[in-house]
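Asker: Following this message is one structure expressed as structure tokens.
Please treat every number below as a calculation from the coordinates, not as lab data. None of the values given here were measured: they were computed from a predicted structure. Positions of Cβ are generated from backbone atoms using ideal geometry, with glycine treated the same way; all protein chains shown enter the neighbour counts.
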């Protein structure tokens, strides 16, 4: 970098985009969905670092959270994490897998058409997910191996489902605009307002939800959990001076998955 | 070769249900990523009667990343490059991913999204060509943009001439 470039001041958006680009480049080569790891591997990341993180992780272990799974940090981590954990959860009994598929067919996919997304185009994005939900009912397959082959090894399948999940999130936010608009005002990014001073929800969704590689925030998480009929427990691990992690529950539900959230990144954590 | 279900399905759909205003097919039947496009100049526009040939080149990552569209027909338009190294390349916002700052973040124009298809791209292109006084912000062809602003009659004349020529060339 030349000294001239260094002295150029970047605005917040440019810094955000630069950070996203660097993260995306660094993450290439790491698995989309990592293997199940034991918690000490997470502790190791902070070996020479911050005591606060170490204490929080140790407290998580005491609470019985013994495993975690890394997700590639390419800006799509939330969508890949929820997809993986969702399928893993409903794979435990075939009735749950059937209901999950039926809900997508009866609620999610019609919502996309209702919001005007071309169904021929959408078909390619959701078909892989529907067939995975069918295949996990086969008692002779190993779910772990099967999900590795589909959601990790096959980038086209994994990315198609990310795109579908993004559109499903967008459609849910747009359909329930009244519920979500208040949260848009707090959104940290630049937000375009319409003539009446209300946030432009379509523009917001195109920029922060539908665009591949854009990170998800609480808003997107809540919306996707809602349309999938899935509860999300978010374990918030950051450098704030508290002895334990913060927990946030988005959508109370009997079916719930647990996300490990560190600012700017989502992984999965297991009890 | 890399497969791409999304492109294969669109090709099949467009063959079964052609869309008015353009035709689309592969340059070479064994390569799904290079398409040849023929656009019929929109009625009541400067391009009425024109037959415009173009190429759409898709990256392997399509639909996550947009294709590049290049006109093979000689054209004079602020959004189409005329320099020898990028001649014919179309520069419009929907063919740029979000975060690509050529226009700056604040710009409200629509960016690339995975939901865009060959059809929706061409609908945008046809609508672009239908305007007699195209947008001249951040032009790809600076001289054409200048002419739109300073000599609109001359601009229209040049466009009409190239439109007629495109139809003649097509029958040669």
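Asker: Report, as an integer, the average count of C-beta atoms from other chains found within 10 Å of each Cβ along B:110-118.
Answerer: 5
Asker: Sticking with this structure for a sec: Between residue B:85 and residue B:61, take the C-beta separation as r, use R0 = 22 Å, and let me know the FRET efficiency to the nearest 0.05.
Answerer: Computed FRET efficiency for residue B:85 and residue B:61 comes out at 0.40.
Asker: To continue, here is another question. In degrees, nearest 10, range 0 to 90: what is the angle between the Cα axis of helix B:5-16 and the longest Cα principal axis of chain B?
Answerer: Relative to chain B, helix B:5-16 is tipped by roughly 70 degrees.
Asker: With the contact rule set at Cα under 8 Å and sequence spacing of 6 or more, what percent relative contact order holds for region B:1-169?
Answerer: In percent, rounded to a whole number, it is 22.
Asker: So what's the convex hull volume per residue for the Cα atoms of region B:1-169, in Å³?
Answerer: 122 Å³
Asker: Give the relative contact order (percent, whole number) for chain A; include only Cα pairs under 8 Å separated by 6+ residues.
Answerer: 25 percent
Asker: Note the angle between two axes, namely the Cα long axis of helix B:118-129 and the longest principal axis of the Cα atoms of chain B, as a number of degrees from 0 to 90, rounded to the nearest 10.
Answerer: Result, in degrees: 0.
Asker: What do you get for the angle between helix B:152-171 and the principal long axis of chain B? Use alpha-carbon atoms, 0 to 90 degrees, nearest ten.
Answerer: Helix B:152-171 and the main axis of chain B meet at about 50 degrees.
Asker: Over chain A, with a Gaussian network built from C-alpha contacts below 10 Å, which listed residue (A:50, A:59, A:76) shows the highest mean-square fluctuation?
Answerer: A:50
Asker: Taking the number of other C-beta atoms within 10 Å as the exposure measure, put A:248, B:17 in order starting with the fewest.
Answerer: Least crowded to most crowded, the residues run B:17, A:248.
Asker: On to the next question. Any idea how far apart residue A:15 and residue B:149 come out in nm if each label point goes 7 Å out from Cα toward Cβ?
Answerer: Each label point is offset 7 Å from its Cα along the Cβ direction, giving 3.4 nm.
Asker: Note down the nm distance, to one decimal, between modelled labels 7 Å out along Cα→Cβ at residue B:130 and at residue B:43.
Answerer: 1.2 nm
Asker: Suppose R0 equals 45 Å. What FRET efficiency, 1/(1 + (r/R0)^6) with r the Cβ-Cβ distance, do residue A:50 and residue A:137 give to the nearest 0.05?
Answerer: 0.55
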